[in-house]
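**Q** Mind having a look at this structure? Questions to follow.
The values are calculated or read from the model by the stated rules, or taken from the named source; none is laboratory data. Please read all numbers here as calculations on a predicted model, not as lab measurements. With ideal geometry, Cβ positions are generated from the backbone for all residues, glycine too; neighbour counts draw on all protein chains shown.
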Amino acid sequence: MQGEMEDKCGIVGIHSKDDSKDVASLIYYCLYALQHRGQESAGIASFNPTIGLNHYCGMGLITDVFSNERIQSLPGHMAIGHVRYSTTGQSKLENSQPFVTDFGDGFIAMAHNGDIVNSGELRQELIDEGFYFKSDSDSEVICYMLKKEHYDNDKNVIDSIEAVCKKLVGSYALTILVDGELYGVRDPMGIKPLAVAKRDDDFVLASETVAFDVINAEYIRDIVPGEIIYFENDEINSHMLESAGKCKLSHCMFEYVYFARPDSTIDGINVYETRMNIGKQLHELYPIDADVVIPVPDSSIPAAIGYSRASGIPYGEGLIKNRYVGRTFIMPTQEERELAVRLKLNPIKKAIKGKKIILIDDSIVRGTTSKQLLDLVKEAEPAEIHFLVGCPPVIAPCYYGVAMATKKELIAANYSIEEIQEQLNIDSLGYITLPALVKAIGMPEENLCMGCLNEDYPTEIPEGLEAETYYKP
């Protein structure tokens, strides 16, 4: 359910062989296309061979952080960018990315999407060795580990990345600038997405293919899980981590259900088609007699279209989304937070009153937002409400970069579907089943991370690590 969980970040990197070119504006447009992946902070680091490293981060949306003048102050033919939503680490400027650290005559700038579950242990090791942290983010831990391996241990960049990745447990997609060279890294399980494209003489890395579309770059391929890529002689060069192929693939299923934009393709699977398939699967599971199929905008629109086409029941807009409402969880009182739901969504009473409606949403996490939404819909006086959900019950926390909730806050971990339906006071409630979701995605179940649905996590979770330690708004 929108507002109940967030993905961590969106990352971008651009390498141009023309060292007189400035690519910060292209990074800006790519980040703009990835704004849905994080709205708390944005940052760009660029490299110019004459000036060196240029770096700026700020709190807020990409349009709030970067003016034309600010973009022009970031010259360079190589750059990385980042938009952030916090999971590990609080919402503050010190945690914004890219992280930058210098050493001798060189520097490392790094942007990270994911979560490192053993970051606490790794951080303490670095502190014991004299490293000082300005943030409480696990991403800074990776940055300092790279510095230690590359500078202190005198390893080349590839060997340094290899040495760091051997110690990381969790999810990571990285764009890294080291001494004016760009690297992209994806963890061996492929939990977080990362792909590469080409635009004239530029190579582009991004979390989602939609970033390529906006700058008219041609998608080449996804970065293989466990792969490091870099660019020499106008070619993509590849190095596979020693752990590549030895880990179980664990692509995050929520990318397809909720996080990614529907116009993206991730690991060869089109997100829009997947969500259409979710709607078709929901119809097979729940062939309800109704007057209209209504989505909770925006991520549930394709699923509602899929259900409508499979059932022959008309698709209708019943909820209008205000796309100019920012983060509402900062509102201090419960009354104000409930008002925020009304700011974001408003029912079209003419489309709902007296009708049997099928309302389709992408997921239910805590259930609080769903209840507020349904209370709004009830004010429009429908004859019946049938609530269908495009994700199976979420029964466990995520440790790999999704700010979700603790287990005691997850409604499906504490109540049966019948009890949830009773709490929501609706005519019926239906979740997609796990096998139906797998079928909708079209990827083997063993290649998907579904830890939040079945508690079968792709890595060991360190003892004592509870979701309470994760920052939640």
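**Q** Can you report the number of residues in region 18-36 which are free of Cβ contacts under 8 Å to residues at least 60 places away in the same chain and of a type in the set (Val, Ile, Thr)?
**A** Number of matching residues: 1.
**Q** A follow-up question, please. Can you pull out the strands (runs of 3 or more DSSP E) entirely within region 341-433 that have at least 1 residues that are modelled with pLDDT of 95 or more and in contact with a Leu (Cβ under 9 Å, 6 or more places away or on another chain)?
**A** Of the strands (runs of 3 or more DSSP E) lying wholly inside region 341-433, those with at least 1 residues that are modelled with pLDDT of 95 or more and in contact with a Leu (Cβ under 9 Å, 6 or more places away or on another chain) span 356-361, 384-389, 428-431.
**Q** Which members of region 228-250 meet the condition of being touching a residue at least 12 places away in the same chain (Cβ under 8 Å) and either assigned by TED's automatic domain parsing to the domain that holds residue 304 or assigned to a loop (DSSP other than H, G, I, E, B) (or both)?
**A** 234, 241, 242, 243, 244, 245, 246, 247, 248, 249, 250
**Q** A further question on this structure: Check off (1) at pLDDT below 95; (2) in a strand (DSSP E or B) for residue 294 and give me the number that stays unchecked.
**A** Result: residue 294 passes all but (1).
**Q** All but one of (1) touching a Cys at 6+ places or on another chain (Cβ under 8 Å); (2) farther than 26 Å from residue 15 by Cα hold for residue 245; which doesn't?
**A** (1)
**Q** Looking only at residues that are buried (at least 23 other Cβ atoms within 10 Å of the Cβ) and not hydroxyl-bearing (Ser, Thr, Tyr) in region 303-318, which one is nearest to residue 343 (Cα to Cα)?
**A** 318
**Q** Determine which member of the set 117, 23, 83 is closer than 22 Å to residue 209 by Cα, within 17 Å of the chain's Cα centre (by Cα) and of a type in the set (A, V, I, L, M).
**A** 83
**Q** Return the residue satisfying two criteria in turn: it lies in region 20-45 and is in contact with a Leu (Cβ under 7 Å, 6 or more places away or on another chain) and in a helix (DSSP H, G or I), and of such residues it is surrounded by the most Cβ atoms within 10 Å (Cβ to Cβ).
**A** 24
**Q** So residue 437 fits all but one of (1) out of contact with any helix residue (DSSP H, G or I) (no Cβ under 6 Å at 6 or more places or on another chain); (2) touching a residue at least 24 places away in the same chain (Cβ under 8 Å); (3) assigned to a loop (DSSP other than H, G, I, E, B); (4) within 30 Å of residue 268 (Cα to Cα); what number is the exception?
**A** (3)
**Q** Assess whether residue 416 counts as being closer than 28 Å to residue 377 by Cα, assigned by TED's automatic domain parsing to the domain that holds residue 398 and in contact with a His (Cβ under 7 Å, 6 or more places away or on another chain).
**A** Spelling it out, it is not the case that residue 416 is closer than 28 Å to residue 377 by Cα, assigned by TED's automatic domain parsing to the domain that holds residue 398 and in contact with a His (Cβ under 7 Å, 6 or more places away or on another chain).
**Q** I'd like the full set of residues that are farther than 20 Å from residue 450 by Cα and either of a type in the set (Lys, Arg) or not in a helix (DSSP H, G or I) (or both), limited to region 263-283.
**A** Those that are farther than 20 Å from residue 450 by Cα and either of a type in the set (Lys, Arg) or not in a helix (DSSP H, G or I) (or both): 263, 264, 280.
**Q** For a quick check of your reading: which strands (runs of 3 or more DSSP E) sit entirely within region 177-227 and have at least 3 residues that are surrounded by fewer than 23 Cβ atoms within 10 Å (Cβ to Cβ)?
**A** 195-199, 218-222
**Q** Could you check, for region 435-450, whether at least one of its residues is under 19 Å from residue 374 (Cα atoms) and surrounded by 23 or more Cβ atoms within 10 Å (Cβ to Cβ)?
**A** Looking for residues that are under 19 Å from residue 374 (Cα atoms) and surrounded by 23 or more Cβ atoms within 10 Å (Cβ to Cβ), one finds none in region 435-450, hence no.
**Q** Check residue 257 against each of (1) within 18 Å of the chain's Cα centre (by Cα); (2) buried (at least 24 other Cβ atoms within 10 Å of the Cβ); (3) in the same structural domain as residue 355 (by TED's automatic domain parsing); (4) of a type outside the set (Asp, Glu) and name the one condition it does not meet.
**A** Unmet condition: (3).
**Q** Could I ask something else about it? Considering every residue within region 141-158, establish whether at least one is crowded, with 19+ Cβ neighbours inside 10 Å and farther than 23 Å from residue 123 by Cα.
**A** No, there is no match, as no residue in region 141-158 is crowded, with 19+ Cβ neighbours inside 10 Å and farther than 23 Å from residue 123 by Cα.
**Q** Follow-up. In region 20-56, which residues are within 19 Å of residue 174 (Cβ to Cβ), touching a His at 6+ places or on another chain (Cβ under 8 Å) and of a type outside the set (Gly, Ala, Ser)?
**A** Residues satisfying the conditions are 23, 31, 44, 47.
**Q** Is it the case that residue 135 is under 20 Å from residue 42 (Cα atoms) and assigned to a helix (DSSP H, G or I)?
**A** It is false that residue 135 is under 20 Å from residue 42 (Cα atoms) and assigned to a helix (DSSP H, G or I).
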